[in-house]
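To start, the structure under review is shown below, and the notes come after it.
The values are calculated or read from the model by the stated rules, or taken from the named source; none is laboratory data. What you see is a predicted model; the values in this text were computed from it and never measured. Cβ atoms come from the backbone with ideal geometry, glycine included; neighbour counts cover every protein chain shown.
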Amino acid sequence: MDIQEQINKFVEIIEEQYKKELIENIKNDNRFLPISYSELIRLEPELAQALLEQPEEIIKAAEIAVEQFDTLGDVKNFKARFYNLPQSQKVMIRNIRSRNINKFLLIEGAVRQKSDVRPQVTSAKFECPSCGNIINVLQLESKFREPTKCGCGRKGRFRLLDKEMVDAQGIVLEEATDDLEGGEQPKRINILLKNDLVSPLSEKKTNPGSKIRICGILKEVPILAKDGGKLTRFDLMIEVNSVESIEEDFSSLEISPEEEEEILKLGNDPKLFEKLSHSIVPSIYGHDRIKEAVMILMMGGVRKVRDDGSISRGDIHILLIGDPGAGKSQILKRISKIAPKGRFVSGKGASGAGLTAAVVKDEFMSGWSLEAGALVLGNKGICCIDELDKMSSDDRDAMHEALEGQTVTISKANIQATLRSETTVLAAANPKFGRFDPYEIIPKQIELPSTLVNRFDLIFPVRDLPSKEKDEKIAGFMLNLHQSPDFVDPELDSKLLRKYFAYARQKVFPQLSDGAIDEIKKYYLKMRSSGSEEGDLSAIPISARQLEALIRMAEAHARLRLSKEVTKADAKKAIDLMHHCLSQVGLDPETGKIDIDRISTGIPASERSHISTIKEVISELEKKLGKTIPLDDIVEVAKEKGIEEDAIDETIQKLKRAGDIFEPRRGFISRI
């Protein structure tokens with residue numbers, strides 16, 4: 001088929017199928033025309049086959065065909081974009097070989113790096129000063145080419161008249177981890193985007209972290225040696241023809257009308273919570289409270305952006321701290337599988353930059369570029385972090401902003417950027433000595449910075465205590481599971497579960513009812529009313545952070561039922577979960593009351609009052625006895641004030657460590 005015939009065929013196809021779309025794009029100043037490959041193969045199989053083998057010619061023919069429609073408007077420099085390529089053309093990055101060069105390929109992967117948009121010369125016009133001849137030189141290589149000689153015999157020193165520029169941007173595409181088999185390192189390839197593919201609208205598709213499907217032509221790029229010559233080895237690059245985004249987060253999962261019907265039917269099921277709870281982590285026995293909390297985490301509260309720009313996050317973060325072998329990692333792995341855009345990270349193998357973002361030297365377009373980490377890649381998804389306690393403290397500190405502020409700010413090299421990380425975090429860690437000591441209080445065994453722990457809405461201690469009845473059930477459950485792997489048949493399959501959560505997050509935005517507000521307010525005030533006895537909850541200080549967490553959890557609970565309103569019952573469920581966690585983690589054994597300071601600052605209020613009392617005692621005695629005070633006198637006065645001897649010793653040691661007091665000689669104390 002010669003070129004003229006190809007152009008005529010494309011003119012017919014556009015006239016028949018795409019005229020309306022072309023007019024629309026001319027009107028909106030979109031300088032491209034998308035053509036579906038499946039339509040092309042239906043109408044012109046020969047042309048479709050030629051596109052895969054000689055893509056440059058066919059794409060050029062399609063673009064010339066578009067220019068025949070100049071009566072409709074300005075169609076100069078219109079681009080033909082082909083999409084919907086068959087799966088047979090899909091090539092994994094690792095399988096690209098030299099035989100694929102100059103062929104039309106379909107490639108999927110995740111964007112790892114992205115350079116800035118820069119102009120690139122496509123052709124340049126030169127004038128010969130001797131004879132006035134104009135020479136057009138196409139710029140296809142990475143080096144700018146000038147004409148070597150003119151027809152009149154002149155060599156060199158030509159005058160540059162004009163050059164055609166297009167916007168270009170380089171991205172690095174990496175294989176998606178789902179397509180890899182164990183232990184394989186994901187391979188990368190450079191991608192070049194031009195013209196409308198770098199317009200602000202398409203740029204959103206290619207942000208670091210997003211998964212994309214590209215159709216393009218594989219090109220070889222010469223590698224320049226230090227002396228300016230070319231090496232025999234060439235680099236590969238894909239010149240992109242079309243880009244589609246395939247990342248399915250909760251907001252972009254498509255739900256068919258039949259599935260919607262099934263979801264709504266499930267939403268009205270009286271046994272909904274039971275079904276969801278059993279289907280979330282079916283291979284683990286028990287842990288009902290944790291399964292319930294994980295359901296709420298998957299659903300999330302409602303994110304609110306106010307007029308003044310302040311944002312209340314809707315994501316609920318959960319921390320599981322527990323004995324080894326209690327199934328924490330199992331829960332995390334399962335959640336990262338069923339959540340759209342789920343990521344799984346393990347503590348020892350994660351650094352601060354790997355979690356947030358790193359600035360790397362960009363070889364492709366020269367300069368610096370951003371490489372997104374797990375919390376940014378998981379934007380609008382869920383990030384599961386295992387072995388949180390094994391991470392170094394510097395790396396953990398990098399998470400603070402991502403957890404509460406939901407952004408990651410980078411100021412390194414010449415890059416100042418704020419990346420969005422609206423990511424829900426589900427983390428797991430072990431206690432201080434690997435296993436919980438049943439005689440020591442739980443908060444003292446959580447060896448994580450209090451500032452980080454405080455950012456989690458719910459903290460679950462997962463304890464593995466021997467009990468004959470429970471152990472028998474677990475053993476029976478696990479042995480049956482190994483004997484017949486399908487012994488636990490989840491009531492809802494993963495696909496439906498995924499769609500259910502996605503549907504609720506897309507369509508349901510519940511608002512607090514007066515009943516729910518009263519219920520949460522009543523609980524909050526009851527907990528805050530220090531000193532006044534109200535049933536068995538007396539003087540329990542909780543902070544406003546817990547109040548926000550209660551609101552988020554109540555909203556998520558209403559969302560689970562696909563309800564537009566947060567009822568009193570939802571609020572009660574949220575309070576019940578919160579109280580369960582607080583009574584396990586925030587209990588102060590001295591007073592028998594819940595004390596949020598146990599979690600948020602590491603020093604309970606009772607201990608803080610001891611410190612201030614002993615400081616007062618020291619300053620009183622200093623006035624009477626002078627600078628050096630005998631230790632026995634301090635103990636005596638402090639006992640009168642109702643502090644036990646053990647607590648006095650502990651507090652004095654703390655003050656010494658803090659540098660408030662010192663021991664000039666044995667048995668005597670002085671203030672610094």
Among the numbered criteria (1) in contact (Cβ under 8 Å) with a residue 60 or more places away in the chain; (2) in contact with an Asp or Glu (Cβ under 7 Å, 6 or more places away or on another chain), which single criterion is violated by Leu106? (2)
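Go through the stretch 658-670 and report how many residues are surrounded by fewer than 14 Cβ atoms within 10 Å (Cβ to Cβ) and touching a strand residue (DSSP E or B) at 6+ places or on another chain (Cβ under 9 Å). Show your work before the answer.
Here is the first cut: in the stretch 658-670, the residues surrounded by fewer than 14 Cβ atoms within 10 Å (Cβ to Cβ) are 658-659, 662-667.
Those still in the list that are touching a strand residue (DSSP E or B) at 6+ places or on another chain (Cβ under 9 Å) too: 662-664, 667.
The total comes to 4.
Tell me the residue from Ile246, Ile223, Ile238, Ile217 that is modelled with pLDDT of 75 or more and in contact with a helix residue (DSSP H, G or I) (Cβ under 9 Å, 6 or more places away or on another chain), please.
Only one candidate qualifies: Ile217.
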Kindly list, by first and then second residue, each pair from a residue in the stretch 644-657 that is surrounded by 16 or more Cβ atoms within 10 Å (Cβ to Cβ) to a residue that is not in a helix (DSSP H, G or I), limited to pairs with Cβ atoms under 7 Å and residues at least 6 apart or on different chains. Leu655/Ile661
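For the stretch 2-20, check the following and say yes or no: at least one residue is under 24 Å from Asp167 (Cβ atoms) and of a type in the set (Asp, Glu).
Narrowing the stretch 2-20 to residues under 24 Å from Asp167 (Cβ atoms): none.
The answer is no; no qualifying residue exists.
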Can you tell me which residue among Ser310, Ser329, Ser392 is more than 17 Å from the chain's Cα centre (by Cα) and farther than 23 Å from Leu448 by Cβ? Ser310
Helices (runs of 4 or more DSSP H) lying entirely in the stretch 14-123 (those with 3 or more residues that are β-branched (Val, Ile, Thr)): 55-67
Filtered residues of the stretch 22-62 (kept if of a type in the set (Val, Ile, Thr), crowded, with 17+ Cβ neighbours inside 10 Å and farther than 18 Å from Leu106 by Cα): Ile26
Counting only residues that are over 42 Å from the mean Cα position of the chain (by Cα) and touching a residue at least 60 places away in the same chain (Cβ under 8 Å), the stretch 59-87 contains a total of 1
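So which residues in the stretch 406-444 are part of a loop (DSSP other than H, G, I, E, B) and without any contact (Cβ under 8 Å) to a residue 24 or more places away in the chain, if there are any at all? Please lay out each step first, then the result.
As a first pass, look at the stretch 406-444 and keep what is part of a loop (DSSP other than H, G, I, E, B): 406, 413-414, 421-423, 430-441.
Hits for the stretch 406-444 are Lys432, Phe433, Asp437, Tyr439, Glu440.
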When you scan the stretch 389-397, do you find a residue that is closer than 25 Å to Ala574 by Cα and either surrounded by 20 or more Cβ atoms within 10 Å (Cβ to Cβ) or out of contact with any Leu (no Cβ under 9 Å at 6 or more places or on another chain) (or both), even just one? no
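Considering each residue of the stretch 420-435, count those that are at pLDDT below 80 and either closer than 21 Å to Met299 by Cα or crowded, with 21+ Cβ neighbours inside 10 Å (or both), and give that number.
Applying the first criterion (at pLDDT below 80) to the stretch 420-435 yields 420, 433-435.
With either closer than 21 Å to Met299 by Cα or crowded, with 21+ Cβ neighbours inside 10 Å (or both) added as a condition, the list becomes 420.
Of the residues in the stretch 420-435, 1 are at pLDDT below 80 and either closer than 21 Å to Met299 by Cα or crowded, with 21+ Cβ neighbours inside 10 Å (or both).
Just one of Gly327, Gly354 is of a type outside the set (Asp, Glu) and more than 30 Å from Ile191 (Cβ to Cβ); which is it? Even if it seems obvious, please write down each step before you answer.
On the way: Gly354 fails: more than 30 Å from Ile191 (Cβ to Cβ).
Just a single option satisfies the conditions, and that option is Gly327.
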Taking first residues from the stretch 459-477 that are aromatic (Phe, Trp, Tyr) and second residues anywhere that are outside any strand (DSSP E or B), the pairs with Cβ under 6 Å that are 6 or more apart or on different chains are Phe460/Ile290; Phe477/Tyr285
Looking only at the stretch 445-493, count how many residues are outside any loop (DSSP other than H, G, I, E, B) and modelled with pLDDT under 75. 4
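Restricting to the stretch 640-672, count the residues that are out of contact with any Pro (no Cβ under 7 Å at 6 or more places or on another chain) and either assigned to a strand (DSSP E or B) or under 20 Å from Lys623 (Cα atoms) (or both).
So the answer is 13.
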Residues satisfying the stated conditions in the stretch 165-187, i.e. surrounded by 14 or more Cβ atoms within 10 Å (Cβ to Cβ), out of contact with any Gly (no Cβ under 8 Å at 6 or more places or on another chain), modelled with pLDDT of 80 or more and not β-branched (Val, Ile, Thr): Asp167, Ala168, Gln169, Gly170, Lys187
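Looking at the structure I just gave you, is Thr407 out of contact with any Cys (no Cβ under 6 Å at 6 or more places or on another chain), modelled with pLDDT of 80 or more and among the polar types (S, T, N, Q)?
On the way: out of contact with any Cys (no Cβ under 6 Å at 6 or more places or on another chain): yes; modelled with pLDDT of 80 or more: yes; among the polar types (S, T, N, Q): yes.
Yes: the conditions hold for Thr407.
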